[in-house]
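Below: one structure, written as structure tokens.
The values are calculated or read from the model by the stated rules, or taken from the named source; none is laboratory data. None of the values given here were measured: they were computed from a predicted structure. No Cβ is skipped: glycine too gets one built from the backbone with ideal geometry, and neighbour counts run over all protein chains shown. Ligands, DNA and RNA are stripped out before the accessible areas are found, and what is left, the full protein with its side chains, is counted by its heavy atoms. Shrake-Rupley method; radii C 1.70, N 1.55, O 1.52, S 1.80 Å.
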Amino acid sequence: MTKGFNYSKWDNIELSDDEDDVHPNIDKDSWFRMKHRSRVEREEREEKDKKKIDAEMAKANLRIKEINKILSKASAANDGSDSDSDDDLEDLDGLRSELKAHQNANADNQAKLDNYEKNKKWNVDNMCHVVEERTIVNENVGESKFTDAGFALPKEAEMEEAAAATEKEAATDNGTKTEAKKEGKSSSTAKKEENEGVP
């Protein structure tokens, strides 16, 4: 059995033009403007929160790398010597707990980001984005493509095809005329010969 298409991402579409939940004391246009403004403010708030979370995660990732470096150096140094002081062990335990705290904080922050993406409301402003935009300028702007009477001029390729066709017709017409002339002469000579009685 084939799996159907998942349409659940379209459940969160926010359409302000189709809404029937207009407050009875507020006119429709003002209601739509208010809803639009509140939507824009909510999206700005979410974007600020996402940037803040990303910055926190970047700092935490940097600290996690530093702690992992320190722990790997300490474990390499401890492999060679058996004398472990209590201060070193306490420092390593503190670093391990700090590492775990940063990893948990990163997991929580990632869960928040995933929640934002999962519950994101789609609307006209954020549903689509422009991938490529370009402007094409016509180099032949000054050229007139119309006759003085307003009829469209044929393109160069069409004119060449028409010229080739007329040349071909002229060639075939000339060929048939010369054949007709030859046939005409032979028929006239045949008539003369018949009239003269020459076999």
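Kindly establish whether Lys112 is closer than 21 Å to Glu43 by Cα, open to solvent by 100 Å² or more (accessible area, probe 1.4 Å) and not acidic (Asp, Glu).
yes
Which one is least open to solvent (accessible area, probe 1.4 Å) among residues in the stretch 115-129 that are more than 25 Å from Ala55 (Cβ to Cβ) and part of a loop (DSSP other than H, G, I, E, B)?
Checked the stretch 115-129; the qualifying residue least open to solvent (accessible area, probe 1.4 Å) is Asn123.
If you go through the stretch 152-171 one residue at a time, how many are open to solvent by 70 Å² or more (accessible area, probe 1.4 Å) and either in contact with a Pro (Cβ under 7 Å, 6 or more places away or on another chain) or at pLDDT 80 or above (or both)?
6
Just to be sure before I move on: is Ala77 hydrophobic (A, V, I, L, M, F, W, C), at pLDDT 80 or above and either out of contact with any Cys (no Cβ under 8 Å at 6 or more places or on another chain) or under 30 Å from Asn12 (Cβ atoms) (or both) in the structure I sent?
Considered against the rule, which asks whether it is hydrophobic (A, V, I, L, M, F, W, C), at pLDDT 80 or above and either out of contact with any Cys (no Cβ under 8 Å at 6 or more places or on another chain) or under 30 Å from Asn12 (Cβ atoms) (or both), Ala77 comes out as no.
So for the stretch 93-100 (the condition being open to solvent by less than 70 Å² (accessible area, probe 1.4 Å), modelled with pLDDT under 75 and over 30 Å from Arg45 (Cα atoms)), does at least one residue qualify?
No: the stretch 93-100 contains no residue that is open to solvent by less than 70 Å² (accessible area, probe 1.4 Å), modelled with pLDDT under 75 and over 30 Å from Arg45 (Cα atoms).
Has the stretch 25-44 got any residue that is open to solvent by 50 Å² or more (accessible area, probe 1.4 Å), at pLDDT below 85, within 16 Å of Lys121 (Cα to Cα) and in a loop (DSSP other than H, G, I, E, B)?
Taking every residue of the stretch 25-44 in turn, none turns out to be open to solvent by 50 Å² or more (accessible area, probe 1.4 Å), at pLDDT below 85, within 16 Å of Lys121 (Cα to Cα) and in a loop (DSSP other than H, G, I, E, B).
From Glu143, Glu132, Glu139, which residue is assigned to a loop (DSSP other than H, G, I, E, B), at pLDDT 85 or above and open to solvent by 60 Å² or more (accessible area, probe 1.4 Å)?
Being assigned to a loop (DSSP other than H, G, I, E, B), at pLDDT 85 or above and open to solvent by 60 Å² or more (accessible area, probe 1.4 Å) holds for just one of Glu143, Glu132, Glu139, which is Glu132.
Kindly list, by first and then second residue, each pair from a residue in the stretch 110-123 that is of a type in the set (A, V, I, L, M) to a residue that is surrounded by 10 or more Cβ atoms within 10 Å (Cβ to Cβ), limited to pairs with Cβ atoms under 7 Å and residues at least 6 apart or on different chains.
Listed by first residue and then by second, the contacts come to Leu113/Lys50; Leu113/Ile53.
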